[in-house]
Amino acid sequence: MNSMDALQGITYNNTIFTQQGGTSSSQGTQKLKEDLAILLMQERGRFYPDPEFGCELYKYMFEPITEGLAKRMRTEIADTISRYYPQLNLINIDITSYDNSIEIKIQYSYTDSGRAEDELSLSLFNEVNQ
């Protein structure tokens, strides 16, 4: 069994909708990134089969990003990932605030040895009309 076979935190169909209107299948590290993005971008309580599924990142969109708030966001992300993917080793969670968005970069490893590292980047946009 390779290290990717052991990562079975979320088991959904690996077919996703593309921006072009079709569907696409993914597997391996790409599937893991997609699953993590879905987990973190989904508002907790919106997924009926599992009311704990999701993350509360959107509640921070309209708050000024202080070091204290960034620390709460890192904790929220780490707790959410560890609940669904205990096999992942989080290395770093970097949060950067811009005028109308928050950039989140998550570095993690997914093997027992910690050698297979990857990174996921997410952007939360504040879509207030200016």
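Values in this text are rule-based calculations from the coordinates and carry no lab data. Bear in mind that the values here come from a model prediction, so they are computed numbers and not experimental data. Positions of Cβ are generated from backbone atoms using ideal geometry, with glycine treated the same way; all protein chains shown enter the neighbour counts.
Could you grab the relative contact order for the stretch 32-83? Cα pairs under 8 Å, six or more apart, rounded to a whole percent.
It rounds to 31 percent for the stretch 32-83.
How big is the Kirkwood radius of the stretch 23-125, worked out from every pair of different alpha carbons and given in Å to one decimal?
Numbers: mean 1/r = 0.0695 Å⁻¹.
Evaluated on the stretch 23-125, it is 14.4 Å.
With a 10 Å Cβ neighbour count serving as the proxy for reagent exposure, in which order, fewest first, do Lys105, Lys33 appear?
Lys105, Lys33
When the distances between all Cα atoms of the stretch 25-66 are binned every 10 Å from zero, what whole-number percent does each bin get?
P(r) for the stretch 25-66, in whole percents per bin: 28, 37, 29, 6.
Distance cut-off 19 Å, Cα to Cα: go down the list Lys33/Lys105; Lys31/Lys71; Lys71/Lys105 and report the pairs above it.
Working: Lys33/Lys105 12 Å; Lys31/Lys71 27 Å; Lys71/Lys105 14 Å.
Pairs exceeding 19 Å: Lys31/Lys71.
Looking at the stretch 29-106, which GluC sites (Glu not before Pro) are DSSP coil and have at most 14 other C-beta atoms within 10 Å of their C-beta?
Here the GluC sites (Glu not before Pro) that fit, given the DSSP loop and packing criteria, are Glu52.
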